[in-house]
Amino acid sequence: MIKMKKGVRLNGIQPELAAIFPILDRAYESVKKDAVITSLLDGRHSRTSLHYVGYAVDLRTRHLTPKEVQLVYDHIRSALTKEFDVLSETSPPHFHIEFQPKR
């Protein structure tokens, strides 16, 4: 199940990002945990962040063991095309995923 942190804004996300939600759900289900979206168009990010234009999502990982983080990361990375960047951030711990087609 995908949950949303209080205050997360869904309105305005791009279709390419919305299309990956089932992949995110399956990745977290594979370790029997819920996916928790902590940021979409909200939050504080760099001035040029793709969050502000609806092409980025952050997901909580603090409720995962290090092994589960790796399993979920591998699941997401293998399911998405190269048009997506998938980063495992440590401070605070989360996945940052953005749609950024390469030219």
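The values are calculated or read from the model by the stated rules, or taken from the named source; none is laboratory data. Owing to the predicted nature of the structure, the values given are computational and were not obtained by experimental measurement. Note: ideal-geometry Cβ built from the backbone for every residue, glycine included; neighbour counts use all protein chains shown.
Can you pull out the residues in the stretch 6-42 that are of a type in the set (D, E, K, R) and either under 20 Å from residue 81 (Cα atoms) or over 13 Å from the mean Cα position of the chain (by Cα) (or both)? Don't jump to the end; show me each part of the working.
Filtering the stretch 6-42 down to residues of a type in the set (D, E, K, R) leaves 6, 9, 16, 25-26, 29, 32-34, 42.
Answer for the stretch 6-42, where residues must be of a type in the set (D, E, K, R) and either under 20 Å from residue 81 (Cα atoms) or over 13 Å from the mean Cα position of the chain (by Cα) (or both): 6, 9, 16, 25, 26, 29, 32, 33, 42.
If you take the residues in the stretch 74-103 that are assigned to a strand (DSSP E or B) and acidic (Asp, Glu), which one is farthest from residue 18 (Cα to Cα)?
Pass one, the stretch 74-103, residues assigned to a strand (DSSP E or B): 84-90, 93-99.
Imposing the further condition that a residue be acidic (Asp, Glu) reduces the set to 85, 89, 98.
On the way: 85: 15, 89: 21, 98: 11 Å.
Within the stretch 74-103, the match that is farthest from residue 18 (Cα to Cα) is 89.
Is there any pair linking a residue in the stretch 1-15 that is without any contact (Cβ under 8 Å) to a residue 12 or more places away in the chain to one that is in a loop (DSSP other than H, G, I, E, B), with Cβ under 8 Å and at least six apart or on different chains, and which?
none
Here's a check for you: in the stretch 52-72, which residue that is in a helix (DSSP H, G or I) and free of Cβ contacts under 8 Å to residues at least 24 places away in the same chain is surrounded by the most Cβ atoms within 10 Å (Cβ to Cβ)?
The first filter runs over the stretch 52-72 and keeps only residues in a helix (DSSP H, G or I), leaving 52-53, 66-72.
After this cut, where a residue has to be free of Cβ contacts under 8 Å to residues at least 24 places away in the same chain as well, the list is 52, 66-67, 70.
On the way: 52: 15, 66: 9, 67: 9, 70: 13.
That would be 52.
Being assigned to a loop (DSSP other than H, G, I, E, B) and at positive phi, is that true of even one residue in the stretch 34-41?
Looking for residues that are assigned to a loop (DSSP other than H, G, I, E, B) and at positive phi, one finds none in the stretch 34-41, hence no.
For the stretch 80-90, check the following and say yes or no: at least one residue is surrounded by 15 or more Cβ atoms within 10 Å (Cβ to Cβ), over 24 Å from residue 12 (Cβ atoms) and either small (Gly, Ala, Ser) or touching a residue at least 12 places away in the same chain (Cβ under 8 Å) (or both). First the steps, then the outcome.
Residues of the stretch 80-90 that are surrounded by 15 or more Cβ atoms within 10 Å (Cβ to Cβ), as a first pass: 80, 84-86, 88.
If we keep only those that are over 24 Å from residue 12 (Cβ atoms) too, we end up with 88.
Within this subset, residues satisfying the condition of being either small (Gly, Ala, Ser) or touching a residue at least 12 places away in the same chain (Cβ under 8 Å) (or both) are 88.
Yes, the conditions are met somewhere in the stretch 80-90.
Could you check residue 47 against (1) more than 22 Å from residue 19 (Cα to Cα); (2) modelled with pLDDT of 95 or more; (3) basic (Lys, Arg) and say which number it fails?
Answer for residue 47: the failing condition is (2).
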